[in-house]
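Bear in mind these aren't lab numbers, they're just calculated from the coordinates by the rules spelled out. In this text, all values refer to a predicted model and were calculated from it rather than measured experimentally. As a convention, Cβ positions derive from the backbone with ideal geometry for all residues, glycine included, and neighbour counts pool all protein chains shown.
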Amino acid sequence: MFKVTLYKSVNVRTGEVPLRFRLREGTNVDLALETPVMVPAVDLQAFNKDGAVQPGVKEYNVQLKTEIDRYSSVMSEVYLAMVQSGAAIDDESFKKAVEEKMAADASDAPAESSLVGRFRRYLEEEHEVGRFSDRMFRETYQISRKLERYLVIREHVGLKPAEFTPEMVVDFEKFCIDEYLYAANPKYAALYPRSYSECRYWPKRKLKEEPLRKVLLHFQTFWNDLVLFGEIKSSPYEGYVPWMEEKKQKWYSEMIGEPFSLTMDEFQQVLATPVPERMAMARNAFILQMCIGCRWEDLMKLKLKNVFVSKEGIPYIYFCHTAIRKKEKVKYAYEIEMPLVRIAFDIVKRTRLEFHFSRSRPDPYNKKIQELLRHCGITREICLFNNRTKQSEWVPICDAFTQGHVHKTHMDIIHESECLRGMRGDGYTGAIVMAKIKKKRIDDVFWNLNWSFGQKSFRVDENLNIIEGVPFVERDPLVYQEQPDKLPGGRTNPYVISELLPMPAGEGKPQDRVVLRNGCALVRARKVLVCGTQFTEFLDALEEEHRRCIQYGVMLLKMLSDFKVTFVSDCKDTIYELRSAPRGFVYSTYFYLNGENIVLLHCCLDEKHRRHKASGNGKMPVVRALRWQHVTGEISGVDYDGVLDGIFGERGTTKREVMEMRACASYVSQALRQARIDAGLLQEELFSKWGLKDDCGALAHAENGTRVLPFKYLFRHMDGLGLKAVVTRPGLIDWNPISRTHTLEQMLLEIGEPVYRWHPKEPVL
C-alpha cells in the first residue's frame, strides 16, 4: 500500500519554499517530487505530513490546502496507472508523468473553472460575506473534499460545472451513502489518510438520511447560484427529481428548496405600511439593516460616531463585518463604508442609532421582525423542514424570517438591479461584492444603491443637515399611536368602513368578518376651501338633517389619511366624489386636493349623472371647469373651516369630539344600509339571520347612525350579509383626547344635550 506525504523542512520556517512530496510503498518504492509551486514556509507548519490540517488549527491557507490535495490526488492517480501498465518507475519518469497529467488537467479545466475549484470558491465567498459561519464553513468544506474524492474514484478529475449531469447527481448520492466502503478499501488509501485529524471526517458507516439531506441541500444551493449568475443554463437537479421514487421526489422538491428572502415588492410593502408605536423601533432597525446589509451583531454596535460625510456631501456609515473580522483576525481587515440612502438616513437622524434590544441574543429582535412582517401582511408561504416531526411544512414567511435572512435579502435586492452588475462583477457574490464596494467611488455606490432601493439622491453638510433634497421630517408619518378598542363607558372607538368584500355566509370565525386597519394619522388637519358659491347656496336650501350629513362628510375628509373608504370615489382628473345618503337621498359633493387643502367644487342631488361620467354628460364638465378656474386663479377659495367650527365646535372641545364620533357613525350606517339593500334583504330577514324574532334595537343603531356600532354587532351584521368589512380608524395626532377620559353621558351633559337612561320599573305592591 503506497502513501503520499508532504515534505516539510524542519530548518526552514521563513521565506518561500517549493512545495515537495514523497510517495512510498514498502521499502522498494521511494519517489520524490518537487513542484514549481512556491509557498510561504510558515503556512506549511499548519499541515501534517499526510497533508491534513493539524489538530486544533482553525486558520490555515485554504489555497495551499487545495494545491496539496490536488497534487496528492494526481500523484496517486499517476502511480496507480503506472503500476497497472507495468512501466518502469523512477523519479524522473514519475515526475514527467505527473507534469503531463497536471498540464492535461489544466488545459481541460483550469482550477478556477473546474467543478471542485468553483464549489470551493463559492463556499469561501459565502463564508467571507457572513452567510456561512466558521463552523458551517468547515462542515461544507468537507463536502467539497467528498466531491473531489468522488471525481477521482469515478475518473472525472477536472470536470467542469456544465459537464455535471443529473445521472452524476444520482451517482454522487449513492457514493455519499456507501463511501464508507471506499474508505476501508486499501486501493484508495491515498484518498483516505490514516491521520487522526482526517479520520474524524471519514465515513465509517452508511450515511443516514438526515446527513445526506444536508449534503445535497448545500450542493443544490450551489447549482442554483450558478444558474442565477448565468454560468450554466440549468441545474442538474432539474433532471434529478424524475430519477427518484415518488416518496423521495416530494421530500427533495419541498425540503431542499432555495434559501428564502423577501422580494423587493415585499420590502416596499414594509416601507409603505403604517405601524403602531410599539413596532417603530423594530421597523427602524429592520429597514436600516436591510439598507446597509450588516448583521445583527454589527447593528447593535453602531453608534452615531460611525456616521461620516464624504467630500461630495454623501452620508455613509462605517462598520466592519463580524464574520470577516473573526476569520481574518486583523483589525478592520474588511472595513465597509456603506452610503446611506434616504430612508436609512432618516432613521439614523430619528433614532440616533439607539436600539434597545438585547445585545446578548437576537431572539427578541427576531420576534419583533416576525410581528412586523405579519402586521404588514407579508404572509407568503414557504416550505421548511421540521426537525422535530421530520417532515416538511408550509409556513408563512413572517413566522420563519429572522435577522439572519436580512443580509441575504439585501444582497438579492442588489443583484436584482441590472445597474449593479458592474459593482458585483459577472457572477460574483459574497465578499467579492464587499471588496468591490470598498474599491468603487462612494458616489458611484451611492447612485447604485439609490437605484436599487428606489430612493432619490440628496446631500448633507458635516452636521448631517440636508442641504440638497427634500427636508428632513422629525416625526415618522408612518408611525401612529394605537387607539384602544373601547372608550370609557364601554363605547367603541369611532371608525369608518374602508371596504366591503364578499365572503360566504357561515364561513370562518365571527372575528374574521371584520379586519381592523389603523390608518396613518395626520400630523395636522387639512384645511377646507370652497370654490365659488354653488356649494354654500345648495346647502342653505337643504333640510337641517341633510345639510348636517354632508357637513359630517366634509369633517371626516379633514381627518382621513387617504380616501380609500366606501363613501369616497376617485373620479377622473384627480377629482374625488363624497357620497352622502341621508334617508334614501343621495348627494354628491365633488372636491380635489390642492396641496394639503380640500377644495369643494360642487354639490348636487341628481344621482343620474353618475351613470354618464364616461360620456362626459352630467355635472362633470362643470366640475372640471371650476377646478381649472381655481388652479389658474380665476376663482379664489373661501375658508370653510370657520363654518364647521361654528356648527360643530372648535378642535379640542367636547362638542367637536361628540360630533366627530357621530360623523363616523353616520357614514358607517350609510355603508351598512346600502349593503343590505344591495343584498336584497329586508330588516326582518336580517333579524332572522341574526337569530332574533323582533327588533332589539341593534339594527336601528346600525342603520340610523345614532351611535358607533360595537364590533360584536358589526360581526353579526356582516355574517348576515355574507360580507367581510375592512374598517379604518381615522384621526389626527392626539385625536379624541376628551373621549378617552369621559363617558358619552358626561360629554352630552357638558354640551347640554339630553341623556336618555333606562330605569327599571318599581315593583307593584
Original post:
If you take the alpha carbon radius of gyration of region 502-550 and divide it by 2.2 N^0.38 Å, what ratio comes out, to two decimals?
Top reply: 2.05
Original post:
Over region 432-586, how many percent of alpha carbon pairs lie in each 5 Å bin up to the one with the longest distance?
Top reply: 1, 6, 9, 12, 13, 12, 11, 9, 8, 7, 6, 3, 2, 1, 0
Original post:
Using the alpha-carbon centroid of each, what span in Å lies between region 538-590 and region 286-314?
Top reply: 47 Å
**OP:** For region 526-650, give the share of DSSP beta bridges that are antiparallel, in percent and rounded to the nearest 5; count only bridges with both residues there.
**Re:** 80 percent
**OP:** Treat the count of other C-beta atoms within 10 Å as a stand-in for reagent exposure and order ASP645, ASP265, ASP476 from fewest to most.
**Re:** ASP265, ASP645, ASP476
Subject >> Footprinting exposure proxy for GLU537, GLU231, GLU660 (fewest neighbouring C-beta atoms within 10 Å first) >> reply: GLU537, GLU231, GLU660
**OP:** Straight distance only, please: which aspartates and glutamates reach the Cα of LYS456 with their own Cα at less than 12 Å, same-chain residues fewer than 8 apart left out?
**Re:** GLU468
Original post:
Listing THR35, THR632 from the residue with the fewest other Cβ atoms within 10 Å to the one with the most, what is the order?
Top reply: THR632, THR35
Original post:
For region 1-108, how big is the tail of P(r) above 23 Å, as a whole percent of Cα pairs?
Top reply: 29 percent
Subject >> Entries in LYS301/LYS558; LYS208/LYS408; LYS408/LYS440; LYS3/LYS160; LYS311/LYS367 that, when Cα-Cα distance is taken, lie over 32 Å >> reply: LYS301/LYS558; LYS311/LYS367
**OP:** Starting from one equal scatterer on each C-alpha and no solvent at all, send me the Debye-based log10 I(q)/I(0) for region 275-318 at q = 0.14, 0.16, 0.21, 0.29 Å⁻¹, two decimals.
**Re:** -0.40, -0.51, -0.78, -1.06
Subject >> Cα-only Debye scattering, region 526-650: base-10 log of I(q)/I(0) at q = 0.12, 0.16, 0.21, 0.23 Å⁻¹ >> reply: -0.41, -0.76, -1.39, -1.69
Original post:
Which FRET efficiency, nearest 0.05, do LYS564 and THR165 yield, Cβ-Cβ r, R0 60 Å?
Top reply: 0.65
Original post:
Can you flag which of LYS368/LYS724; LYS187/LYS214; LYS8/LYS65; LYS146/LYS214 are past 18 Å Cα-Cα?
Top reply: LYS368/LYS724; LYS187/LYS214
Subject >> Cα-based reach from LYS206 at 14 Å (exclusive), listing aspartates and glutamates while leaving out same-chain residues under 8 positions away >> reply: GLU173, ASP178, GLU179
